[in-house]
1. Can we say B:S109 is surrounded by fewer than 21 Cβ atoms within 10 Å (Cβ to Cβ) and modelled with pLDDT of 95 or more?
2. As an exercise: evaluate B:L153 against (1) within 28 Å of A:S155 (Cα to Cα); (2) within 11 Å of another protein chain (Cβ to nearest Cβ); (3) crowded, with 21+ Cβ neighbours inside 10 Å and give the number of the one condition it does not meet.
3. A:L84 passes all but one of (1) in contact (Cβ under 8 Å) with a residue 24 or more places away in the chain; (2) touching a strand residue (DSSP E or B) at 6+ places or on another chain (Cβ under 6 Å); (3) aliphatic (A, V, I, L, M); which number fails?
4. Out of all the residues in the stretch B:134-167, which are aliphatic (A, V, I, L, M) and either in a strand (DSSP E or B) or free of Cβ contacts under 8 Å to residues at least 60 places away in the same chain (or both)?
5. Only one of (1) at pLDDT below 95; (2) more than 10 Å from every other protein chain (Cβ to nearest Cβ); (3) surrounded by 13 or more Cβ atoms within 10 Å (Cβ to Cβ) fails for A:V16. Which number is that?
6. Of the conditions (1) more than 13 Å from the chain's Cα centre (by Cα); (2) part of a loop (DSSP other than H, G, I, E, B); (3) away from chain B (no Cβ under 14 Å), A:E131 satisfies every one except a single condition; which number is it?
7. Considering each residue of the stretch A:80-101, count those that are within 14 Å of chain B (Cβ to nearest Cβ), more than 20 Å from A:N13 (Cβ to Cβ) and of a type outside the set (A, V, I, L, M), and give that number.
8. Could you list, in sequence order, all residues of the stretch A:71-101 that are in a strand (DSSP E or B) and over 19 Å from A:F57 (Cβ atoms)?
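The values are calculated or read from the model by the stated rules, or taken from the named source; none is laboratory data. The model shown is predicted, which means the values in this text are computed figures rather than measured ones. Note: ideal-geometry Cβ built from the backbone for every residue, glycine included; neighbour counts use all protein chains shown.
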2 protein chains.
Amino acid sequence: MEIKVMKSILDANENVADEIRKMMQEKKIKLFNIIGSPGAGKTTVLETLIQKLKNKFRIGIIEGDCATDRDAQRLKKFDIPIVLINTESGCYLPSISIKNALGELDLDSLDIVFIENVGNLVCPAHFDVGENSKIAVASVTEGDDKPAKYPLLFSEAEIVILNKMDF
Amino acid sequence: MEIKVMKSILDANENVADEIRKMMQEKKIKLFNIIGSPGAGKTTVLETLIQKLKNKFRIGIIEGDCATDRDAQRLKKFDIPIVLINTESGCYLPSISIKNALGELDLDSLDIVFIENVGNLVCPAHFDVGENSKIAVASVTEGDDKPAKYPLLFSEAEIVILNKMDF
């Protein structure tokens, strides 16, 4: 019975993800879903991406966090639209939350939306949110066995960013 | 309806956790639940704990991992009983998995059981497994904002180990 319920949650999630995918295609917006462990450096990657892209593209941000608005506060300096989702203790952003957050953005004035998912290498990888690509962020300090130990994200992500490296 | 199901899952988890707690008291076993992000260093902490305690106490291990037996392999050198739980892509160890794993150990010949939970700062903190204490492991490379951003684990844990420090 639990498995049945889980399946219906996944189906419902997928249906809304399909709606989002269609809407993003219509609006010609690229949607990226950034996923990684707590402290992998997702917000720092986002800061760098915004800095490099903001003169060429109109960018919007959906910030997911269990608690606090710290990440959203860090991105305020760029003066771009940000929607914060506090999941309380939810371990991922479901597609319905993304749909609601997108409803808070003026989509006609955006080219790219970056989602920063909850810091978690497991759950967010299971939930399609209609993104063009998942971006996995992993820091070298987590150890080189993470793709083997958390295979779903690393097989689903089109882009993997290896962070906190010495040069 | 989903909330009702979630509540029944949490209730069912709690009932089994209470069974485990009672069984551990009867057997005079201390049960510790080690929780932290992927790559925080949970297995390394466990290696150190086993090394320091193995001459005074009889130790058993329950290893939780999404995939691979890498952590269990790392602990084989101590020649102590280890039960591995592969959650496939499950994001925490529910109490029923712990109960089943305890059934694989000879509890009359143990003083301490350490559980290494799935690498995840969010979900495992929600699920009581009948432990005496939760031990949170956090690495300094994750950043100092983690207790604020993932408050449940850090408020639930009786012990917090700050790992990967320079001295």
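1. Taking the combined requirement at face value, the residue satisfies it.
2. (1)
3. All conditions are met except number (1).
4. Matches in the stretch B:134-167: B:I135, B:A136, B:V137, B:A138, B:V140, B:A148, B:L152, B:I159, B:V160, B:I161, B:L162, B:M165.
5. (1)
6. Of (1) more than 13 Å from the chain's Cα centre (by Cα); (2) part of a loop (DSSP other than H, G, I, E, B); (3) away from chain B (no Cβ under 14 Å), only one is false for A:E131: (1).
7. Of the residues in that region, 0 qualify.
8. A:L84, A:I85, A:N86 - these are the residues of the stretch A:71-101 that are in a strand (DSSP E or B) and over 19 Å from A:F57 (Cβ atoms).
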